[in-house]
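For reference, the structure is listed below as C-alpha cells.
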Amino acid sequence: MSPYSQPAMVKWPPWKKLVFCFFFLYLGLNIFPWVFYGGIPGISYFSPFYDRFTNWAVTKANAKFFHVREVLVPVNGSGDTSFGWAQTWFNLSLALLGALIWFVIDRKRRNYVQLNYWLCLFTRYYIALIAFLYGSIKIFTQQMEFPNISQLATPLGDFLPMRLSWMFIGYSAPYQIFSGVMETLAGLLLIYRRTATLGALVATGVFLNVLMLNLSYDIPVKLFSIQIVLSSLYLVINDQNRLIRFFILNKQTSPSVLYTYSFKRRWMRLAVILLKIGFIVVALILPFRGAMKQYKAMQAPAPRQLIQTGFYDVIHFVVNKDTIPPSYKNDRRWGDLVLDAGGLGSIRTTDTLFSQWYGRGYFDYEIDSLKDSLILSVPFEAPILLTMHFELLDSNTVRLQGVRKKDTLLVDLMKSNHHFQLTDKQFHWLSERNR
C-alpha cells in the first residue's frame, strides 16, 4: 500500500493543512538538498551560491526586522551566534509567511498525503545522518575526551558550565559509548521503514536528552539541537493516532502506511536500493571508519621526546635577571606549566600573551630537537608566541630561556609527581559510604 492508495476523499482539517505547510517550508529550509547532499559532485557546485544568497538575505532581514546584533557574527564553533539566531528568525518568519500564502492559495486541496511522504522521508534520513555522525565519534570516545592534565590542574570553580559537562561525559568512556550506541540505534531504526516509528521515538528521547544538556549547561548548540528534536517530533506527530491508541488507550491499531511507497518500475526500485546503500556507506560506514582510525592514532604510543609531557612546578622564574618569588602576584610570574599529550599546554598565569581559559594561559607547543627549542604558539593557529631554548639539568628539571616581548626569561621547571584522584577512574560495586 502506498500513500497514493489512501482514499482521495480523505479531507484534512484546515489546521492540519496549515501546520503541514509550515513544517514543510521550515524543515525544507533547514534540510535543504544542496546542504544535505553537499558532497555529491554537481550539487556541491551550487552550495557557494546558495550560501552567499542566504548570508545576504539573513543580513538584510536582520537589519530591517530582527535586530539581533548590528554586526552579525558567523556560525563558528558555536551554533548560537548572532547570525545563527538571525537565520533562525528568518527561517521561522519565511516558513510562517509562506505557509499562510500557500494555505490561502491552495485552500481547496483536500490533503497533502503524497507531499508529506517525501517530507517524512527526507526528515528521517536527515536525522539518521546526524545520529550516525555524532554516534560514531561518541562510540570511539572522540567527542568528549578524558580531562587532560591542564584541566585536572584547574580549580573546579574556574570552569564554565559547558566545559564541566564536557569533562563529566568525557570522564566515563562507558557512558559516552552508551550515548553513541543509542544515537546509532536511532539512525539504524529510522532508515528501515518498518522500524521508522520506533526510530522516531528513540531519536526523540536521545536528542531530547542532548537538548536538555545544552540548555542546562549553556552548551552553544541549542538552536541545532532544538531543530533535531522538532524534526523527530514531526515524525512522531505524524503517527500520533496509532501511538495514542497503542500506548494510552490500550487498543489495537492498524499498520502504518506513512513510510510506505510503491515504485512500479523496476529501475526505480533498483535506484532506491542503490541510493540507500550509498547513504549507508557515506553516512554510517565512512564516519565509523574515520572515527576508528582517529581512535587508533590516539591510542598509539607517543613518540619519545626530550622534554616529557606532564605537570611541572616553576621553581625559579627570572625576568631581566630579576628573580620573581612565587608569592609575587604579577602576570609576569608563572605558577606551574603543563605539557599535555597532543601538543597542547597551559601555564597558571594571567599573562594575556597566552589564550586565557578558565584562569590558565593555553598554548600549542612543538619541540625542535635539533635546535633544543620549545616553540609556543597560539592554540589552533599559526602565530608563534615564544621560542624557548631548553636545557635538561637532570632527569626531572628543565631550564627554559627566551625573550617575551622585550623581557628576557629564565625559567626552571621541575617535573611533579602530583597525583589527581580523578585519573584513577574508580568504580565500586560495594560502597560502605559516600565518597
Subject >> Estimated vicinal HN-Hα couplings, Hz - the range 293-310 in sequence order (Karplus 6.51, -1.76, 1.60; Gly, Pro = x) >> reply: 5, 5, 5, 5, 5, 6, 7, 5, x, 5, x, 5, 10, 5, 9, 6, 6, x
**OP:** In debye, nearest 20, what is the charge dipole magnitude of the chain about its Cα centre with +1 on Lys and Arg Cβ and -1 on Asp and Glu Cβ, if you could check?
**Re:** 2820 debye
Original post:
So what's Rg/Rh here for the range 88-213, counting alpha carbon atoms and using the Kirkwood radius for Rh?
Top reply: 1.15
Original post:
In whole angstrom, and with the biggest value first, how far do the Cα coordinates of the chain range along each principal axis?
Top reply: 91, 59, 46
Subject >> Peptides 409-416, 348-355 ordered by average Cβ neighbours within 10 Å, highest first >> reply: 409-416, 348-355
Original post:
For the chain, what is the calculated [θ] at 222 nm in deg cm²/dmol (nearest 500), taking -39500 (n - 2.57) for each run of four or more DSSP H residues and dividing by its residue count?
Top reply: -14500 deg cm²/dmol
Original post:
For the range 58-158, which semi-axes, largest first and in whole Å, follow from the square roots of 5 times the eigenvalues of its Cα gyration tensor?
Top reply: 39, 25, 9
Subject >> Cα coordinate range in the range 196-293, projected on the principal axes (Å, largest first) >> reply: 51, 48, 21
**OP:** Quote to one decimal, in nm, the extra length available between VAL319 and ARG110 on full extension: 0.36 nm per residue of separation minus the C-alpha distance between them.
**Re:** 67.1 nm
**OP:** Check each of the trypsin sites (Lys or Arg not before Pro) in the range 217-266 and keep only those in coil by DSSP with at most 10 other C-beta atoms within 10 angstrom; list them in order.
**Re:** LYS251, LYS264, ARG265
**OP:** Quick one: P(r) of the range 52-117 from all Cα-Cα pairs, 10 Å bins, percents rounded to integers, in order of increasing distance.
**Re:** 20, 39, 20, 19, 3
Original post:
For the range 3-296, what number of Lys pairs, 8 or more residues apart or on separate chains, have alpha-carbon atoms under 14 Å from each other?
Top reply: 4
Original post:
After finding the eigenvalues of the alpha carbon gyration tensor for the range 310-417, what semi-axes result from the square roots of 5 times each, listed largest first in whole Å?
Top reply: 18, 17, 14
Original post:
Shape of the range 247-318 from its Cα gyration tensor (a ≥ b ≥ c, root eigenvalues): rounded if a/c is under 1.5, otherwise prolate when a/b > b/c, or oblate?
Top reply: oblate
**OP:** Please report how many Lys pairs in the range 310-417 have alpha carbons closer than 23 angstrom, counting only residues at least 8 apart along the chain or sitting on separate chains.
**Re:** 9
Original post:
Relative to the longest principal Cα axis of the chain, at what angle does helix 47-61 sit, 0 to 90 degrees, rounded to 10?
Top reply: 90 degrees
**OP:** Could you work out how far the C-alpha centroid of the range 312-388 sits from that of the range 96-127, in angstrom?
**Re:** 58 Å
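FYI, it's all coordinate maths here, none of it is from the lab. Everything quoted here is computed from the prediction, not taken from an experiment. Heads up, the Cβs are rebuilt from the backbone with ideal geometry, glycines too, and the neighbour counts pull from every protein chain shown.
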